[in-house]
Structure formats: C-alpha cells, structure tokens
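First up is the structure itself, then whatever we jot down about it.
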Amino acid sequence: MNIIFLAAPGAGKGTLSDMLKAKYGYNHISAGEVLREEVSSGSELGNEIKAIIDKGMLIDDELMKKLMLKKLSSLDKSKNFIFDGYPRTVVQVNHYKEICKELEIEEAYGIYLYIDKDVAMKRALGRRNCPNCKRGYNIYSDDFKPMVEGICDDCNVELISRNDDNEESFNKRFDTYLKETEPLIKIFDVEGKLVEFDALKNSSKLFSEIEEFLEKNK
Ligand code: AMP
C-alpha cells in the first residue's frame, strides 16, 4: 500500500519513513529533501527556494508539481511509495492525483500523525543530521542521540541542524501547517483513506502500530 504522512513539522514523518524504508524497501519521497537537493545544487532556483524555506513558507504549488513529477518518474514503480510532505495543500492534492494517474501509481492512504505543538517544537529543535549519510538524530531522544555528542555514529563527521529548525521558523511552519495542510485530513477521511496515530508515543511503539495497520490492509 502506498502511504502519505500527514502531520505537523516535528511529528516524526522523516523518522518513520526511514524506518519503513529500511525494513520494507519503500520508495521514500521527501518533498523537503527534493527541495533541499535543489538548494544544495546552488542554482538560481535553489537560492529562491532556500529563501522561502528559511521563512517557513511553502513553495509554489505548480513548481512542487513539476519537481515531484520529475522525482517520481525516476523511481522504481515496482516498490511501494511513501509520500513524506507532499501533498501539503488542497491544490497539491489535485496535482498529486493527476501525477498518480499520469504515472500509473496507486493513490495512497493517508496516515495522520497527531502531535501537540510543544512536543513537535522540541523534536524539531533537537533534530540533527549527518551531512554525509543523511542519518537523522535527535539530541532530546535517548533512542536517537548520537553515541558521541555532535558526531555521526557511522561517518564520524560533525552533525548539522537544518536552517529552518529554529524557533521562529518552526512557529511559522506550524501555522502554515494548520492553515494549509490540516484541511487535507478531512479530504482523506471523506474518501475513506485515513488512519490516525498518536505521534506522542515513542517511535518504536508507533512504528509497530503502523506496521500492524499496514499488515492488516495489504
Ligand atoms: P520538511 O522537510 O517536510 O519539513 O519541509 C521543509 C520545508 O520545505 C517546508 O517548511 C516548506 O518550506 C518546504 N516544503 C516541503 N514540502 C513542501 C510542499 N509539499 N509544498 C510546498 N513547500 C514544501
């Protein structure tokens, strides 16, 4: 089953996607990662995208459609898909449906991860990544702390934080989520394609609950 994570920033979409990908070999399409790759390329478009991300705002829907179509076209369609961070607006839901039709990808089930703002903010501010292997860590979580403070367990290089994981940007991203993305939950629910999980639980418990759901609904 293809799935879409619908959740506020900091709810754990990326972590759960990584866990599912590692265990079941999903295609993991992180919209944020697609954008960050464009930013790292140093292109003019990348610089424009960076300015918008840093402000905690959303990238234009038409541009997102183009980037997602390109990314999805390059992936192996025999594997299931995890959509992480796309669609994020009502317009993007329509675009995503058009993309699925065009590429003959089965429409996904929405997994809504519920979280309180305070917890989400703490998780987002504690997030660290390895610039080399991209492994994610969290300094506030015993399960996701690096063995040596600030250093990747696998690559032995210094961990970095995302530019937009600061309090000001997080507040803006959370507001944008409430305004633009939360309405999607109703859309998926009305279509009978929504399941909800409590993202306050620790990631291994949450992961087993999601696995159980996926197993029952193969
Ligand atoms: P994420 O990695 O999912 O937290 O996304 C980081 C940032 O990328 C967001 O705060 C937005 O600025 C941008 N972004 C990610 N996904 C989308 C999307 N589907 N539509 C527009 N902007 C997005």
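Need the full-extension length gain, SER204 to VAL91, defined as separation in residues times 0.36 nm minus the C-alpha distance. One decimal, nm. Residue separation times 0.36 nm, minus the Cα-Cα distance, leaves 37.3 nm. Straight-line cross-link partners of LYS23 among the aspartates and glutamates, defined as a Cα under 16 Å from its Cα and at least 8 positions apart when in the same chain: GLU209, GLU211, GLU212, GLU215. Considering only DSSP states other than H, G, I, E and B, which trypsin sites (Lys or Arg not before Pro) in region 1-96 qualify as loop sites with at most 14 other Cβ atoms within 10 Å? Here the trypsin sites (Lys or Arg not before Pro) that fit, given the DSSP loop and packing criteria, are LYS55, LYS77, LYS79.
In the context of the full set of protein chains, the chain has a per residue accessible area of 53 Å² (1.4 Å probe). Each residue of region 89-97 is assigned a 3J(HN,Hα), and the resulting list reads 9, 4, 4, 5, 4, 5, 4, 4, 5 Hz, derived from the Karplus form 6.51 cos²θ - 1.76 cosθ + 1.60 (θ = phi - 60°), x at Gly and Pro.
With the helix formula -39500 (n - 2.57) applied to DSSP H stretches of n ≥ 4, the chain reaches a computed 222 nm mean residue ellipticity of -14000 deg cm²/dmol. With a cut-off of 10 Å between beta carbons, the residues surrounding CYS100 carry a summed charge of -3, where Lys and Arg count +1 and Asp and Glu -1. So for the chain, averaging the separation of alpha carbon pairs under 8 Å that are six or more residues apart and normalising by length, what relative contact order in percent results? The value is 30 percent.
With Cβ to Cβ distances under 13 Å as the rule, what net charge do the other residues near ASP54 carry (K, R +1; D, E -1)?
Result for the local shell: +2.
Rolling a 1.4 angstrom probe over region 90-203 with all protein chains present gives an accessible area of which 47% lies on carbon and sulfur atoms. Rounded if a/c is under 1.5, else prolate if a/b is larger than b/c, else oblate: which is the chain, with a ≥ b ≥ c the root eigenvalues of its Cα gyration tensor? It comes out rounded by the Cα gyration axes. For the set LYS66/LYS205; LYS71/LYS134; LYS97/LYS205, the pairs lying more than 29 angstrom apart at their alpha carbons are LYS66/LYS205; LYS97/LYS205. Looking at the chain only, what percent of DSSP beta bridges run antiparallel? Nearest 5 please. The answer is about 25 percent antiparallel.
With a Förster radius of 45 Å applied to the C-beta separation of GLU48 and GLU211, the computed FRET efficiency comes to 0.70.
The values are calculated or read from the model by the stated rules, or taken from the named source; none is laboratory data. Since we're looking at a predicted model, the values are computed, not measured. All Cβ positions, glycine included, derive from the backbone under ideal geometry; neighbour counts span all protein chains shown. Side chains are part of the model used for accessible areas, which takes the heavy atoms of the whole protein and leaves out ligands, DNA and RNA. Shrake-Rupley method; radii C 1.70, N 1.55, O 1.52, S 1.80 Å.
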